[in-house]
Amino acid sequence: MNTTELAEFLHEQLAADEREPGGWSRARELAEVDAKRGLITLLLDTTHTVCEDPWYTCGAATKEREGERCPDNNRRGHCDCGRDRLVLAGLQLLALPYAERPGYQAEWAPNA
Ligand SMILES: [Zn+2]
């Protein structure tokens, strides 16, 4: 699969959405909700990097999440593989359209 083509398709669809006057149909709104729920699940299910040599395994990897190759006595606590940064950035972007709603915290803004 060519991810570049898929990304280009998505950019074209988003540009069309920007040009489109008026609101979306209810079916389209629900499809957007489903897509965002899928992205949240995808992000949260992303695992830390695990390597054959435990030295290179992410310091936040756990036996519970990443499996038996991650003894908890190897944990350094912080994520040094980029997983946590990616998950946070993705969730921040997904939350941004809701920034005006009660409960949104200013510290969740990207680059806050
Ligand atoms: Zn990590």
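Numbers for the structure displayed
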read-out	value
Pair Asn111, Cys51: separation of 7 Å Cα→Cβ label points (nm)	3.2
For the chain, accessible area per residue (1.4 Å probe, heavy atoms of protein chains only), Å²	79
Rounded tilt (10° steps) of 83-95 against the dominant C-alpha axis of the chain	20
Cysteines (scope the chain) whose Cβ has no counterpart Cys Cβ under 4.7 Å	Cys51, Cys70, Cys79
Average Cα contact separation per residue, segment 26-108, under 8 Å, 6 or more apart, as relative contact order %	24
Whole-Hz ³J(HN,Hα) from phi, Karplus 6.51 cos²θ - 1.76 cosθ + 1.60, for segment 25-42, glycine and proline x	5, 4, 4, 5, 4, 5, 5, 5, 4, 4, 4, 5, 4, x, 5, 4, 4, 4
Helical mean residue ellipticity (222 nm; -39500 (n - 2.57) per DSSP H run of 4+; nearest 500) of the chain	-15500 deg cm²/dmol
Rough spin-label spacing in nm, given labels placed 7 Å along Cα→Cβ, for Thr62 and Ala7	3.2
Solvent exposure ordering (accessible area, 1.4 Å, most first) of Thr62, Thr41, Thr3, Thr57	Thr3, Thr41, Thr62, Thr57
Where Rh is the Kirkwood radius over Cα pairs, Rg/Rh for the chain	1.08
Karplus 3J(HN,Hα) series, Hz, for segment 4-15 with 6.51 cos²θ - 1.76 cosθ + 1.60 (x for Gly, Pro)	5, 4, 5, 5, 4, 4, 4, 4, 5, 5, 5, 5
FRET efficiency estimate (nearest 0.05) - Cβ-Cβ, Thr41 to Arg69, R0 25 angstrom	0.60
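The values are calculated or read from the model by the stated rules, or taken from the named source; none is laboratory data. Because the structure is a prediction, the values reported are computed rather than measured. Here Cβ is always computed from backbone atoms with ideal geometry, including for glycine, and neighbour counts include all displayed protein chains. Remember, those area values only see protein heavy atoms, side chains included, never the ligands or the DNA or RNA. Shrake-Rupley method; radii C 1.70, N 1.55, O 1.52, S 1.80 Å.
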